[in-house]
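First comes the structure, then the notes that go with it.
Any read-out appearing in this document is the output of simple, stated calculations on the displayed coordinates, not a laboratory observation. Because the structure is predicted, anything quoted here is derived from the model rather than measured. Neighbour counts are summed over all protein chains in view; Cβ atoms, including those assigned to glycine, are modelled from backbone coordinates with ideal geometry.
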């Protein structure tokens, strides 16, 4: 059973995150079209595609991969999502920087760093019908799993379950931020696109990490 993540797997993790967003371009835009601009998938895929071009053929550490994603999203996406996700990945890069391996506790610190950076530029909270409805419960679940003695793999599994539940919870919420907030009650009944893309990213991050975990 793997107990640590080598940060040398940055290329694989980054490539898998790029793939999951680009391959869900239409799905994310379709969800966004119900109550938003309908361009979330287009913008996210654009940013991650830019990152793909930047890292092609390179051997990246985890921090370098997350830096590349952050830079591409900050520079390549209009609107609010570029800075939000860009800040999150910048924070995660900071959490992984200078380490050869991440233990499950290091991984939690990395996630928490990402959340802190995001919160520095946004007041969004769980319940607002946004990506925080996925991100906060997922990180909380990972933290609680570790407190309960879970293995790295088990904690990642718990995080995936919580991310999906968080995404699904947005269906019954009324949007409190962004363009959808103007719709009031009419924003209820559909998933939030940001919460959905966040679930895709966290699930893929967990899936790839589970595949490449090394024994201590």
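Summary table below
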| item | result |
| --- | --- |
| Folded to 0 to 90 degrees: helix 193-212 orientation relative to the chain principal axis, Cα | 10 degrees |
| Cα long-axis angle, helix 40-55 against the chain (0 to 90 degrees, to the nearest 10) | 30 degrees |
| Ranking of 75, 112, 185 by count of other Cβ atoms within 10 Å, fewest first | 185, 75, 112 |
| Likely footprinting exposure, 105, 40, 9, fewest C-beta neighbours within 10 Å first | 105, 9, 40 |
| Angle in degrees between helix 152-169 and the longest Cα principal axis of the chain, rounded to the nearest 10 | 0 degrees |
| Residue order, fewest to most surrounding Cβ atoms within 10 angstrom, among 31, 174 | 174, 31 |
| Where the Cα pairs of the stretch 22-141 fall when distances are cut into 10 Å bins, in % | 14, 40, 37, 9, 0 |
| 222 nm mean residue ellipticity, helices alone, for the chain (DSSP H n ≥ 4; -39,500 (n - 2.57); rounded to 500) | -22000 deg cm²/dmol |
